[in-house]
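J.: My structure is below; once you've seen it, I'll send some questions.
No value in this document is a laboratory result; all are computed from the given coordinates. This is a predicted model, so every value here is computed, not measured. All Cβ positions, glycine included, derive from the backbone under ideal geometry; neighbour counts span all protein chains shown.
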Amino acid sequence: MPDSRPPFRLAINGYGRIGRCFLRALAETSLAHRLQVVAINEPANLDSMAYLTRFDSTHGRFTGRVEVSDNGLVIDNRPIAISHFREPEAVAWQAAGIDLLVECSGAYGRRSELQRFLTAGCPRLLLSHPAHSSEDIDATIVAGINEETLHGGERLVSAASCTTNAVVPLLALLDREVGIEQTLLTTLHSVMNDQPLLDGYHHSDLRRTRSAMQSIIPVSTGLARGVERLLPQLTGRVQAKAIRVPTLNVSAIDLTIATARPVSVHSLNALLAEAAAGPLQKRLAYSAEAHASIDFNHDPHSAIVDGSQTRTAGTHLVNLFVWFDNEWGFANRMLEVADYWSQRWTSAATP
C-alpha cells in the first residue's frame with residue numbers, strides 16, 4: 001500500500017561536497033517521495049549554487065532540472081528556499097517548517113554549538129560528521145549497524161563519517177565470524193577541501209599546508225575512536241592512520257587483522273561475498289576483478305571488498321583491501337539514516 005504521509009521536510013546547512021551529494025542522491029533514490037529538501041542555507045551566491053548543482057566534475061551532470069527563482073532554487077519543479085547566513089541564529093528555520101536539518105558544513109561538533117540550531121528553531125539535526133564526543137550527541141548511527149537503536153526522541157544525531165560507514169559493518173561481520181584480536185586500519189583518502197592546491201599558510205598541521213595534488217600526505221584521523229564508539233567490544237584493539245592521495249574521489253581502506261580463529265583467503269572471500277549478496281547487500285559489495293579506484297566513482301555502497309587483494313600470513317593474520325566512494329556512498333547512508341529516523345519519530349508520536 002502506498003505511503004500516504006506527506007514527505008518529511010528537510011533543510012541543508014552547508015551546500016558543499018556532501019550537501020550537494022545528499023540532494024542529488026535523494027533525487028536518484030526511491031526516497032524522494034518520503035523526504036523533500038525545502039530549504040538550504042549556504043553562504044555562496046545563488047547562481048553559483050545553481051551552477052554547481054547542475055554540473056559536477058566528479059559525479060557529472062545532474063539529471064534533473066535546476067532553475068533559479070525569486071526565492072531560491074527550483075529543482076525538478078520543487079521550490080527550495082535559499083538563505084546565505086553564516087550564523088545559525090540568522091536563519092528562519094522555524095518559518096521553513098522543517099522536520100530535520102542536515103548539517104553538512106562540518107563546522108559544529110560540540111553540544112553547545114549544535115544547541116544554537118535547536119534554539120534557533122530546528123527540531124532535529126543530522127550531522128554529516130562525527131560529534132566531538134559521544135556526550136555531545138544523542139546518537140551516532142551507522143546504517144546497517146545500529147539504526148534500530150533510534151527511538152524517535154533524539155534531537156542530535158550523527159551519521160558518523162564516510163570511513164566509519166565503510167569499515168564498521170565489515171569489522172562487525174569479521175568480529176562475529178572469525179574474531180578480531182587486533183586491527184590496524186590505513187585509509188587512503190582522496191583530497192579534501194581542507195587541503196590547498198598550492199603550498200600555503202592555512203593549517204596548524206604542517207603536512208596540510210602542502211599541495212594536495214603533488215604529494216601523498218599522512219594526516220591525523222579519528223577513525224579508531226569512531227570504530228570503538230560503534231563497536232565497543234573492540235575498544236583497545238583498533239589503531240588507524242590516514243594518508244591523503246592526489247585523486248578527486250574514491251578512497252580505500254587497507255585492513256590488517258589478527259583473528260581469533262584460523263582463516264584462509266578462500267574462506268574469507270567466501271564469507272565476504274556471501275555477506276555482500278545477502279544481509280549487507282545495500283551497504284557492502286564484493287568483486288575480485290582487476291580494479292582501479294575510478295571504477296567505484298558514484299557507487300552507492302558503503303564499501304566494496306576487492307577480493308583479488310585478500311592476503312593471509314599464516315592462519316591468523318589477514319589483510320583486506322576495501323574501496324569506497326567517500327562522497328556518494330556516505331550521502332546515501334545519510335539518506336537512509338534520515339529516512340529511518342523520520343519513521344521512528346512518526347511512530348513515537350502516534351498514539
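J.: Under a crude label model (7 Å from the Cα following the beta-carbon direction), how far is residue 315 from residue 115 in nanometres?
T.: Label-label distance for residue 315 and residue 115, simple model: 5.6 nm.
J.: Pop out the ³J(HN,Hα) list for the stretch 79-95 in order, Karplus 6.51 cos²θ - 1.76 cosθ + 1.60 with θ = phi - 60°, rounded to Hz; leave Gly and Pro as x.
T.: Running phi through 6.51 cos²θ - 1.76 cosθ + 1.60 with θ = phi - 60° gives x, 10, 6, 10, 10, 9, 9, 9, 10, x, 5, 7, 8, 7, 4, 5, 5 Hz.
J.: Taking R0 as 22 Å, what's the FRET efficiency between residue 54 and residue 193 from their Cβ-Cβ distance, rounded to 0.05?
T.: Efficiency for this residue pair is about 0.65.
J.: If packing is taken as the average count of other Cβ atoms within 10 Å, what order do 72-84, 158-170 fall into, highest mean first?
T.: The densest-packed peptide leads the list: 158-170, 72-84.
J.: May I pose another question? Place a +1 charge on the Cβ of each Lys and Arg in the stretch 1-69 and a -1 charge on the Cβ of each Asp and Glu, then give the dipole magnitude about the Cα centre in debye, rounded to the nearest 20.
T.: The dipole magnitude comes to about 120 debye.
J.: Report for the chain the percent antiparallel among DSSP-assigned beta bridges with both residues inside it, nearest 5.
T.: Around 50 percent antiparallel, to the nearest 5.
J.: Sort 117-128, 268-279 by the packing proxy (mean of other Cβ within 10 Å over each peptide's residues), most packed first.
T.: Put in order of decreasing packing, that is 117-128, 268-279.
J.: At a threshold of 8 angstrom on Cα-Cα distance, excluding pairs fewer than six apart, so keeping six or more, what relative contact order does the stretch 163-326 reach in percent?
T.: 26
J.: What does the highest-first list of 200-211, 49-60 look like by mean Cβ count within 10 Å?
T.: 49-60, 200-211
J.: Search the structure for amide H atoms under 5 Å from the amide H of residue 317, placed 1.01 Å from N in the peptide plane, and list their residues when 5 or more places away or on another chain.
T.: Correct list: 259.
J.: Antiparallel as a % of all DSSP beta bridges within the stretch 163-326, to the nearest 5?
T.: That works out to approximately 65 percent antiparallel.
J.: Using Cα-Cα distances under 8 Å and only pairs 6 or more residues apart, what relative contact order does the chain have, in percent?
T.: 16
J.: Further question: Label-point separation (nm) for residue 9 and residue 256, each offset 7 Å from Cα along Cα-to-Cβ?
T.: 5.3
J.: Let me ask another. Pop out the ³J(HN,Hα) list for the stretch 19-36 in order, Karplus 6.51 cos²θ - 1.76 cosθ + 1.60 with θ = phi - 60°, rounded to Hz; leave Gly and Pro as x.
T.: x, 5, 5, 4, 5, 5, 5, 4, 5, 9, 10, 7, 8, 4, 7, 10, 10, 9
J.: Given labels modelled 7 Å from the Cα in the Cβ direction, how far is it in nm from residue 176 to residue 265?
T.: Simple spin-label model gives 2.7 nm for this pair.
J.: As I understand it, the dipole of the chain uses +1 on the Cβ of Lys and Arg and -1 on the Cβ of Asp and Glu, about the Cα centre. Which of 278, 170, 73 lies farthest toward its positive end?
T.: 170
J.: Now for a different question. Report the full-extension gain for the segment residue 155 to residue 63: residue separation times 0.36 nm, less the Cα-Cα distance, to one decimal in nm.
T.: 29.8 nm
J.: Between residue 289 and residue 92, take the C-beta separation as r, use R0 = 51 Å, and let me know the FRET efficiency to the nearest 0.05.
T.: My answer for the efficiency is 0.50.
J.: What number, in percent, do you get for the relative contact order of the stretch 153-213 if the mean sequence gap of Cα pairs under 8 Å and at least 6 apart is divided by its residue count?
T.: 22
J.: With θ taken as phi - 60° and the coefficients 6.51, -1.76 and 1.60, list the Karplus ³J(HN,Hα) couplings across the stretch 194-209 in order, rounded to whole Hz; mark glycine and proline as x.
T.: 8, 10, x, 5, 10, 3, x, 8, 9, 8, 6, 7, 4, 5, 7, 8
J.: Here's a follow-up. Quick one: if the Förster radius is 41 Å, what FRET efficiency do residue 274 and residue 70 give, using the C-beta to C-beta distance and rounding to 0.05?
T.: With R0 = 41 Å, the Cβ-Cβ based efficiency is 0.15.
J.: Take the alpha carbon atoms of the stretch 218-275, find their center, do the same for the stretch 1-72, and report the distance between the two centers in whole angstrom.
T.: After rounding, the separation between the Cα centres reads 32 Å.
J.: For 177, 135, what ranking results if the residue with the fewest other Cβ atoms within 10 Å of its Cβ goes first?
T.: The order, fewest Cβ neighbours first, is 135, 177.
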